[in-house]
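Down below is the structure, laid out as structure tokens.
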There are 2 protein chains.
Amino acid sequence: MTHIHNHSNCIQTALNNASQLCSQRGVQLTDIRKQVLELIWENHHAVKAYDLLERIKPLQAAAKPATIYRALDFLREQGFIHRVESLNAFIGCCDLKTAHEQLLLICKQCNDVEERHADLVMQALAQELRNAKFVAHSKSIEVHGLCENCSQTFNEEISA
Amino acid sequence: MTHIHNHSNCIQTALNNASQLCSQRGVQLTDIRKQVLELIWENHHAVKAYDLLERIKPLQAAAKPATIYRALDFLREQGFIHRVESLNAFIGCCDLKTAHEQLLLICKQCNDVEERHADLVMQALAQELRNAKFVAHSKSIEVHGLCENCSQTFNEEISA
DNA sequence: ATGGTGATTGTTACAATATAACATATCATG
DNA sequence: CATGATATGTTATATTGTAACAATCACCAT
């Protein structure tokens with residue numbers, strides 16, 4: 001994620017892609033699902049399920065935990081979002097086209113989550129799994145730390 | 001993890017190493033902490049905090065959630081256990097000597113968790129983090145699937 | 001030995017995350 | 001417009017994890 005970008009593009013792209021893929025797949029991007037996806041895309045932070053619940057209530061007065069978790073399940077099955085395991089939280093998937101296995105870089109400072117393909121990491125991992133004779137069904141690679149911007153800020157602060 | 005092994009060795013080694021490291025570090029491996037570590041090492045499955053709570057009650061009648069979570073915090077700080085993020089569960093660390101960043105292979109069938117060094121994966125990841133200019137504080141790599149034994153069993157079943 | 005200090009544990013209460021189960025409504029299609 | 005599948009409403013509860021403060025214990029200097 002570059003620090004400065006036109007985020008409304010991100011949202012629009014995500015919604016358009018999801019909409020199109022749902023049509024292709026014959027599944028329904030209902031109001032609730034779309035609203036949840038839109039709320040997740042409000043920024044590049046990982047979002048908690050109960051935060052989504054609070055934020056969807058103006059739109060869906062009847063919303064309950066199950067409302068959110070069902071929408072999240074759907075969006076995950078369709079590959080539109082990732083679950084950040086180490087945070088019990090969720091982020092929009094930036095890359096619906098290619099393989100849905102990515103590296104997540106989670107900044108402790110600004111809370112942004114950056115998604116990266118990291119082909120070489122995935123290749124090395126695939127080799128390691130062959131060595132281990134382990135048949136993988138799903139992979140999660142999550143790194144916590146400071147993103148480029150925040151580590152710069154940090155350095156400026158301590159040298160000031 | 002090989003399927004057949006003398007597990008009492010695993011437990012003894014883990015407890016001895018922990019004990020020795022605590023002495024070196026001037027921290028206390030109290031009864032509770034030792035008992036929790038021993039319970040975690042009862043097998044190579046990931047263990048849930050509240051399962052530990054039930055299982056420590058015969059030994060510590062007063063045990064409450066905080067009892068377990070405090071012990072888990074301590075054991076993690078000391079690097080004696082890993083938290084399996086994708087399971088909200090914990091396993092003993094098999095490798096106290098080298099870097100504490102490993103690949104966890106989690107079998108859906110038998111629930112065993114295998115820890116692997118995966119140097120090449122870590123190298124590729126380090127390179128990717130340099131590319132991203134991301135300063136890592138902690139890493140979690142978790143793969144769900146079938147271990148060697150269980151995938152063999154599975155193949156035998158479907159060919160039978 | 002003894003008293004002070006920080007570390008550890010006891011205890012109560014509660015917050016945060018997630019699911020089960022069943023009723024109702026909506027949709028897509030014949 | 002009837003029907004089955006999909007989606008949502010609703011209530012209740014299970015699971016996971018913390019906060020806050022009191023009591024106790026371990027260690028060290030005197």
Filter region A:82-114 down to residues that are open to solvent by 50 Å² or more (accessible area, probe 1.4 Å) and either over 18 Å from A:Leu21 (Cβ atoms) or within 16 Å of DNA strand D (Cβ to nearest atom) (or both), then give me how many there are. 6
What number of residues within region B:31-42 are open to solvent by 30 Å² or more (accessible area, probe 1.4 Å) and touching a residue at least 40 places away in the same chain (Cβ under 8 Å)? 1
So in region A:11-66, with the set limited to residues that are within 19 Å of A:Leu104 (Cβ to Cβ) and charged (D, E, K, R), which one is farthest from DNA strand C (Cβ to nearest atom)? A:Glu42
I'm checking my understanding of the structure. Among residues of region B:115-149 that are touching a residue at least 12 places away in the same chain (Cβ under 8 Å) and more than 7 Å from chain A (Cβ to nearest Cβ), which one is surrounded by the most Cβ atoms within 10 Å (Cβ to Cβ)? B:Met122
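Residue-by-condition table, conditions (1) outside the structural domain of A:Cys22 (by TED's automatic domain parsing); (2) of a type in the set (A, V, I, L, M); (3) in contact with a Lys or Arg (Cβ under 7 Å, 6 or more places away or on another chain):
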position: A:Trp41; (1), (2), (3): no, no, no
position: A:His45; (1), (2), (3): no, no, no
position: A:Leu59; (1), (2), (3): no, yes, no
position: A:Ala66; (1), (2), (3): no, yes, no
position: A:Leu72; (1), (2), (3): no, yes, no
position: A:Glu77; (1), (2), (3): no, no, no
position: A:Arg83; (1), (2), (3): no, no, yes
position: A:Ser86; (1), (2), (3): no, no, no
position: A:Thr98; (1), (2), (3): yes, no, no
Looking at region B:6-36, which of the residues that are modelled with pLDDT under 95 and not in a helix (DSSP H, G or I) is farthest from DNA strand D (Cβ to nearest atom)? B:Asn6
Hits in region A:53-81 - residues which are away from DNA strand D (no atom under 13 Å from the Cβ) and buried (at least 17 other Cβ atoms within 10 Å of the Cβ): A:Arg55, A:Phe80, A:Ile81
More than 22 Å from A:Ser140 (Cα to Cα), more than 13 Å from the chain's Cα centre (by Cα) and more than 9 Å from chain A (Cβ to nearest Cβ), is that true of B:Gln109? no
When the residues of region B:43-52 are narrowed to those that are part of a helix (DSSP H, G or I) and open to solvent by less than 60 Å² (accessible area, probe 1.4 Å), which ends up farthest from DNA strand D (Cβ to nearest atom)? B:Leu52
Taking first residues from region B:14-25 that are more than 16 Å from B:Glu38 (Cβ to Cβ) and second residues anywhere that are open to solvent by 10 Å² or more (accessible area, probe 1.4 Å), the pairs with Cβ under 9 Å that are 6 or more apart or on different chains are B:Ser23/B:Leu29; B:Arg25/B:Gln78
Working carefully through the options B:Ala136, B:Ala126, find the one that is under 22 Å from B:Arg83 (Cα atoms) and part of a helix (DSSP H, G or I). B:Ala126
Conditions (1) more than 9 Å from chain B (Cβ to nearest Cβ); (2) in contact with a helix residue (DSSP H, G or I) (Cβ under 6 Å, 6 or more places away or on another chain); (3) at pLDDT below 95; number of the one not met by A:Asp95: (2)
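The values are calculated or read from the model by the stated rules, or taken from the named source; none is laboratory data. As the structure is a computational prediction, the values presented were derived from the model and not from experiment. Here Cβ is always computed from backbone atoms with ideal geometry, including for glycine, and neighbour counts include all displayed protein chains. SASA here: full protein model, heavy atoms, side chains in, ligands and nucleic acids out. Shrake-Rupley method; radii C 1.70, N 1.55, O 1.52, S 1.80 Å.
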